[in-house]
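Heads up, the thing below is written out as structure tokens.
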Amino acid sequence: MLSRRVVITGVGVVSPIGNNVSDFNNSLKNGVNGINDITLFDKEKSSIKIAAEVKNLDFNSFIDKKELNKMDRFTQFAVIASDQAIESSNLNSYKSLDKERVGVIIGSGIGGISTLTEQHIRLQKSPKRVSPFFIPSLISDIAAGHVSIKYGFKGPNYGLVSACATGTHAIGDAYRMIQYGDSDVIITGGTEASVHPLAVAGFANMRALSKNPNYNDACRPFDLNRDGFVLGEGSGVIVLEEYEHALKRNANILCEIVGYAATGDAFHLTSPAPNGEGAARSMQLALNDAKISCNSIDYINAHGTSTPYNDKFETAAIRSTFKNYADTISISSTKSMTGHLLGAAGAVEAISCILSIKNGYVPPTINYHTPDPDCNLNYTPNKLVYKDIDYAMSNTFGFGGHNSTIIFKKK
């Protein structure tokens, strides 16, 4: 069976460095740090005082109050980002749109953790106090459900969960469905709202979070003195569309997806496989899927979490995949600016790749001060680099040994 071409025709983002695509793009170019003191909960008892929160977002300006009360924060982010993506694609102005051929696939790594804890407090007083909206607010798939219902999209509709690889897996699933003819358009991405005392305590106690109290340089991917990631929140949503369908409605094509792969480490619950073996297979399979050689890639948006093992093993994986060409590739970790958005990370970083291709630049890895002998590639330290990008690769890896890679091509 001949596979169909898949292009991106719309993007939307809510993030710690911008609540729309224009602001997000400007922040990427300028190396804006989205990390600051935690304000979403009382941090007095917490060992972690900083996070990358979404700021200055008036939810009431985007979502009706009655609907807001039915949604956890992670769903609110997804609905706003989806609205942006759909509007930018001009999808709803296409009068011949067959909504049975339009799907929604939006994942979340953790889902409604705020709803869970709030309703558990109510349960302690009486089971009757638990909200009838508790389950529909909590479950991870509900973000996709809200977007589907709001716009009447009746194609494939679900959420998926693969920890920090969620966003890329969602985009990859959508890509395959359009390739194979199951849908013509899919709204896809990831969303997360886990800057919450329970999540922060859990990650802190497993020693995954940075203990650096200085939010100006706590998140420093690939730096010798990195000591953990900084938790973030937000949502990234993109509109994927079959190429001929996009041409037929004269859509603005931003770029094309040409390769995707997913692998498993089968090694450890939280640690990547030695030397990034699973990550390397993911990158190579994505290159094979795109039918391009390794020296075609101009930019890699690295998973780059700022944890000791991830950065070391991702570097090793890039070296084993790209061989001598690895030193030529521009690489950066935009997590240095956004923090780690967990299930939304892959989607927000996909948008970073799309903007890099569209606007001809490599965003910086900020807070990079001291080179690490184990991390010896070009991480675009501290300042953007203007560069023509024909192919960009995005890596995301998650607890449980989940690896995913996606490749974008200039239109």
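For this structure, a couple of remarks:
- Residues in the stretch 401-411 that are assigned to a strand (DSSP E or B) and surrounded by fewer than 24 Cβ atoms within 10 Å (Cβ to Cβ): H402, K409, K410.
- Selection status of T321, out of contact with any Phe, Trp or Tyr (no Cβ under 9 Å at 6 or more places or on another chain) and open to solvent by less than 20 Å² (accessible area, probe 1.4 Å): yes
- Within the stretch 213-263, tally of residues that are part of a strand (DSSP E or B) and open to solvent by 40 Å² or more (accessible area, probe 1.4 Å): 1
- Filtered residue count, the stretch 1-29, keeping only those that are touching a residue at least 60 places away in the same chain (Cβ under 8 Å) and out of contact with any Asp or Glu (no Cβ under 7 Å at 6 or more places or on another chain): 17
- Of the residues making up the stretch 352-370, those that are over 16 Å from the mean Cα position of the chain (by Cα) and either of a type in the set (D, E) or outside any helix (DSSP H, G or I) (or both) number 10.
- Residues (assigned to a helix (DSSP H, G or I) and among the acidic types (D, E)) located in the stretch 159-211: D173
- Considering (1) within 24 Å of F229 (Cα to Cα); (2) charged (D, E, K, R); (3) touching a Ser or Thr at 6+ places or on another chain (Cβ under 9 Å), the lone condition that D298 does not fulfil carries the number (1).
- Residue that is in contact with a Leu (Cβ under 9 Å, 6 or more places away or on another chain), under 28 Å from S137 (Cα atoms) and part of a helix (DSSP H, G or I), where the choices are I86, I80: I80
- Selected residue [open to solvent by 80 Å² or more (accessible area, probe 1.4 Å) and under 23 Å from G159 (Cα atoms)] from N56, N60, N92: N92
- Qualifying residue in the stretch 225-243 (condition: of a type in the set (D, E, K, R), more than 24 Å from T365 (Cα to Cα) and modelled with pLDDT of 95 or more): yes
- Long-range neighbours under 8 Å by Cβ, at least six apart or interchain, first residue under 13 Å from N90 (Cα atoms) and touching a residue at least 40 places away in the same chain (Cβ under 8 Å) within the stretch 233-247, second hydrophobic (A, V, I, L, M, F, W, C) and open to solvent by 10 Å² or more (accessible area, probe 1.4 Å): I238/V11; V239/V11; E241/A251; A246/I253
- Single residue of the stretch 165-213 satisfying the filter (touching an Asp or Glu at 6+ places or on another chain (Cβ under 6 Å) and among the acidic types (D, E)) that is nearest to V237 (Cα to Cα): E192
- Pair list, Cβ < 9 Å and 6+ apart or interchain, from the stretch 345-361 residues that are farther than 25 Å from S194 by Cβ to residues that are open to solvent by less than 10 Å² (accessible area, probe 1.4 Å) and assigned to a helix (DSSP H, G or I): S356/L28; Y361/L28
- If you filter the stretch 170-212 down to residues that are within 22 Å of the chain's Cα centre (by Cα) and acidic (D, E), you find that the one that is surrounded by the most Cβ atoms within 10 Å (Cβ to Cβ) is E192.
- The stretch 387-400 - residue that is part of a loop (DSSP other than H, G, I, E, B) and hydrophobic (A, V, I, L, M, F, W, C) and, of those, least open to solvent (accessible area, probe 1.4 Å): I389
- Between L342, L384, L377, the distinction of being in contact (Cβ under 8 Å) with a residue 60 or more places away in the chain and either hydroxyl-bearing (S, T, Y) or open to solvent by less than 10 Å² (accessible area, probe 1.4 Å) (or both) belongs to L342 only.
- Here P132 passes the criteria (1) in contact (Cβ under 8 Å) with a residue 12 or more places away in the chain; (2) within 26 Å of D72 (Cβ to Cβ); (3) assigned to a loop (DSSP other than H, G, I, E, B) except the one numbered (1).
- Test: residue in the stretch 268-276 that is of a type in the set (A, V, I, L, M, F, W, C), in contact with a strand residue (DSSP E or B) (Cβ under 7 Å, 6 or more places away or on another chain) and touching a residue at least 12 places away in the same chain (Cβ under 8 Å): no
- Within the stretch 267-300, the set of residues being among the polar types (S, T, N, Q) and either at pLDDT below 95 or open to solvent by less than 70 Å² (accessible area, probe 1.4 Å) (or both) comprises T270, S271, N275, S282, S293, S296.
- Pairs where the first residue, in the stretch 142-162, is more than 20 Å from I178 (Cβ to Cβ) and the second is surrounded by fewer than 19 Cβ atoms within 10 Å (Cβ to Cβ), C-beta under 6 Å, 6+ apart: I142/P136
The values are calculated or read from the model by the stated rules, or taken from the named source; none is laboratory data. Only a predicted model underlies this, so the values are computations on that prediction, with no experimental measurement involved. Cβ sites come from the backbone with ideal geometry, for glycine too, and all protein chains shown count toward neighbours. Calculation scope for accessible area: heavy atoms of the full protein, side chains included, ligands and nucleic acids excluded. Shrake-Rupley method; radii C 1.70, N 1.55, O 1.52, S 1.80 Å.
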